[in-house]
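See below for the structure under consideration.
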Amino acid sequence: IEYRGNSIDLEPPWRRLTLREAFALYAGMDLEVCENVDEFRQQAHSCGFASVNRDDSWEDLFFKVLIEKVEPALVGAGPIFLKEYPVRLAALAKIKEDDPGVAERVEAYIAGLELANGFTELNDPLEQRQRFMTERQQRRLAGMPVHPLDGDFLDMLEQGMPPAGGVALGVDRLL
């Protein structure tokens, strides 16, 4: 296809990169050592990210790097899947069995534009409840509104949810 002056070959297989690989390749950052916000901020500063602020959360820093460095580099990279997102960015996704720092989550990109987001559904009710509670505590500490627990969802998980997954496709972006 032709898109914004670029010829893009959609022939499979599409390239696959973990987020760790993408951050290293396109932003010069080691995402693995960015466990806490202070380490992340320090590494972002040392890599020249002027947009980094003192009050940025870990998630803010992640998305600044992704949007400012990684996504623009994907414009000429052809179709690509970015996979293995940090666990803290996958509230409803299963953790990868052989790497507990990442979730079974993937995003499909063409010409630097995210088209789809997919993940393996977390179906462990105890882990999901703990994630919800952690998120609520983080929101409370950040002075943000705290949403009520989705009791119906947690009850359904407790009744038993089979292994599942899904992909959300941005049809507007695809068009």
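Computed quantities for the displayed model
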| read-out | value |
| --- | --- |
| Hits in the range 143-163 (condition: exposed (fewer than 11 other Cβ atoms within 10 Å of the Cβ) and either in a helix (DSSP H, G or I) or small (Gly, Ala, Ser) (or both)) | 143, 151, 152, 155, 159, 160 |
| Residue pairs meeting the criteria (Cβ under 7 Å; at least 6 apart or on separate chains; first under 20 Å from residue 95 (Cα atoms) and of a type in the set (S, T, N, Q), in the range 127-144; second open to solvent by less than 90 Å² (accessible area, probe 1.4 Å) and not in a helix (DSSP H, G or I)) | 128/122 |
| Complete set of residues in the range 69-88 that are open to solvent by 50 Å² or more (accessible area, probe 1.4 Å), assigned to a helix (DSSP H, G or I) and in contact (Cβ under 8 Å) with a residue 40 or more places away in the chain | 69, 72, 75, 76 |
| Residues within the range 74-94 that are of a type in the set (A, V, I, L, M), more than 18 Å from residue 7 (Cβ to Cβ) and at pLDDT below 95, tallied | 6 |
| Residue in the range 126-136 that is open to solvent by 40 Å² or more (accessible area, probe 1.4 Å), in contact with a Pro (Cβ under 8 Å, 6 or more places away or on another chain) and either among the aromatic types (Phe, Trp, Tyr) or farther than 23 Å from residue 173 by Cβ (or both) present | no |
| Subset of the range 28-53 [among the hydrophobic types (A, V, I, L, M, F, W, C) and either part of a helix (DSSP H, G or I) or open to solvent by 40 Å² or more (accessible area, probe 1.4 Å) (or both)] | 31, 33, 37, 40, 44, 47, 50 |
| Single match in 14, 58 (criterion: touching a Pro at 6+ places or on another chain (Cβ under 6 Å) and surrounded by 11 or more Cβ atoms within 10 Å (Cβ to Cβ)) | 14 |
| Residue count for the range 28-42, restricted to those that are more than 17 Å from the chain's Cα centre (by Cα) and charged (D, E, K, R) | 3 |
| Qualifying residue in the range 18-27 (condition: open to solvent by 50 Å² or more (accessible area, probe 1.4 Å), among the aliphatic types (A, V, I, L, M), more than 22 Å from residue 119 (Cα to Cα) and not in a loop (DSSP other than H, G, I, E, B)) | yes |
| Candidates 108, 91, 103 - the one that is open to solvent by 40 Å² or more (accessible area, probe 1.4 Å), small (Gly, Ala, Ser) and within 15 Å of the chain's Cα centre (by Cα) | 91 |
| Test set (1) in a helix (DSSP H, G or I); (2) surrounded by fewer than 14 Cβ atoms within 10 Å (Cβ to Cβ); (3) touching a residue at least 12 places away in the same chain (Cβ under 8 Å); (4) not β-branched (Val, Ile, Thr) - residue 9 fails condition number | (1) |
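Yes/no per residue for (1) in contact with a Lys or Arg (Cβ under 9 Å, 6 or more places away or on another chain); (2) within 19 Å of residue 157 (Cβ to Cβ):
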{"position": "54", "(1), (2)": "yes, no"}
{"position": "76", "(1), (2)": "no, no"}
{"position": "80", "(1), (2)": "yes, no"}
{"position": "88", "(1), (2)": "no, no"}
{"position": "126", "(1), (2)": "no, yes"}
{"position": "132", "(1), (2)": "no, yes"}
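The values are calculated or read from the model by the stated rules, or taken from the named source; none is laboratory data. Computed from a predicted structure; not experimentally measured. Positions of Cβ are generated from backbone atoms using ideal geometry, with glycine treated the same way; all protein chains shown enter the neighbour counts. These accessible areas exclude ligands, DNA and RNA; they are computed on the full protein's heavy atoms, side chains included. Shrake-Rupley method; radii C 1.70, N 1.55, O 1.52, S 1.80 Å.
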